[in-house]
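Have a look at the structure below, then the notes.
Read-outs throughout are calculated quantities, based only on the coordinates presented, and are distinct from any laboratory measurement. Since this is a predicted model, take the numbers as computed values, not measurements. Virtual Cβ from ideal backbone geometry, glycine too; neighbours counted across all protein chains shown.
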Amino acid sequence: MASNLPKTMLAWKFSSVSPTLEENLRLDRHAPLPDGSASLQADQVLVNVLAVSLNAVDYKFPEIPFLGRLITGSPSTPSIDFAGRVAAVGLNKESTTENLQVGQLVYGRLNAPTKFGTLAEYTIAPRDGCVPIPPGVSVIDASCASSVGLTAYQSIIPKIKGGAGERVFINGGSGGCGTFGIQIAKAVGCHVTTSCSTPNVELCKTLGADTVIDYKKSDVIAELKKMQPFDLVVDNVGLPADLYWSVPHFTNPDAHYVQVGAVAITPSFILGNLYKTYWPSWLGGGKRPWEFMNLVNKPEDYAKLGRLMQEGKVRPYVDEVFGMQDKGPVRAFAKLRTGRTRGKIIIKIADSWEE
């Protein structure tokens, strides 16, 4: 256990989400370190955070009526992704995880939004969600991959039979998951079709997409029906609303449909997902297997993703980098909420560091 930990830290916190989380963010310059920092449990890692990448869940979860605030508590520090340096480690009981050393550069994610999130100088991470940054990969790039890189990897690789020649449709190719997904699918030999708005068409092509559907100019489903059948659909958007119900017209019979993202987490969205999951096809349910992406921290998946980044086959795309001061996080969340970001939004917790 490190003995030179500070007594306080910088941390952004919110005590309300009305009207939005970011309008209630305040910088606490003397925040206590996360509970348990001085006495880590087995398989916990205290990380000195250097950079954070934002995800929609960072504000969507706390803003779920009643439930969100009940789980995170108040006041809370948002965000779950991080890249930083190991400050202290608990006992390593997991044989599948690497022994981390104090001072080592790491990246990863918390299991879920919590009272002590990552938008602070220190956070406590689970060991299976905290892995070494591969040599040659920057702290900023590693922070990008923490959640969306792993999500893209797990939504594609386990669902295909190897990749070579398989056809993948990624709905929403210009966001965090989409920019990673296009590159991961191409890295294993898939043919990739994706959708995006007009300003992002060239970006998706640059990332390697074979075909790009501009949803501002074309009907996505109509265009998909003109193409050869797909083996996998990864939906990062949740729109058009009838995309899943149309998949028999543009997929192979054994194709999978993976729901990664949604415009909003509402009761109707939850009920609709239950219907897709449990209602049998012979009673009018879906004709293809549907699943909501359940992201799981797997060090072996992080290792494979890290190698793809190391080899230059996957390059995180950064939209904008904000600072910790001058309401940088407030502006970062406001931009994220627009839904018009290209790749990832980063907040630098530290001004500088040694790679």
Taking neighbour Cβ counts within 10 Å as the exposure measure, how do SER76, SER155, SER218, SER95 sort from fewest upward? SER95, SER218, SER76, SER155
In nm, the gap between the two label points placed 7 Å beyond Cα toward Cβ at LYS7 and ARG29 is 1.7 nm
When 1/r is averaged over all different Cα pairs and the result inverted, which Kirkwood radius in Å belongs to the chain? 20.9 Å
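For ASP351 and ASN111 in one chain, what is 0.36 nm times their gap in residues minus the Cα-Cα distance, to one decimal in nm? Let's see the in-between values first.
Values: separation 240, 0.36 × 240 = 86.40 nm, distance 2.65 nm.
That works out to 83.8 nm of additional length.
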With each label point set 7 Å from Cα along the Cα-Cβ vector, what nm distance links THR20 and ALA42? 4.4 nm
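Tell me, what is the FRET efficiency for HIS249 and ASN294 to the nearest 0.05, using R0 = 41 angstrom and their Cβ-Cβ distance as r?
That gives a FRET efficiency of 0.90.
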Can you compute the modelled spin-label distance between ALA303 and LYS226, with each label point 7 Å from Cα toward Cβ, in nm? 4.5 nm
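Pairs of alpha-carbon atoms within less than 8 angstrom and 6+ residues apart define the contacts here; what relative contact order does the chain have, in percent?
18 percent
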Amide H to amide H under 5 Å from GLU98: which residues, 5+ apart in sequence or cross-chain, H placed 1.01 Å off N in plane? none
Pull out the extension gain between VAL102 and ARG331, defined as 0.36 nm times the separation in residues minus the alpha carbon to alpha carbon distance; nm, one decimal. 79.2 nm
Whole-Hz couplings from phi, Karplus 6.51/-1.76/1.60, listed for segment 115-130; x for Gly and Pro: 4, 10, x, 9, 7, 7, 6, 9, 8, 9, 10, x, 4, 6, x, 9
Of THR72, THR211, how do they rank once you tally other Cβ atoms within 10 Å and put the fewest first? THR211, THR72
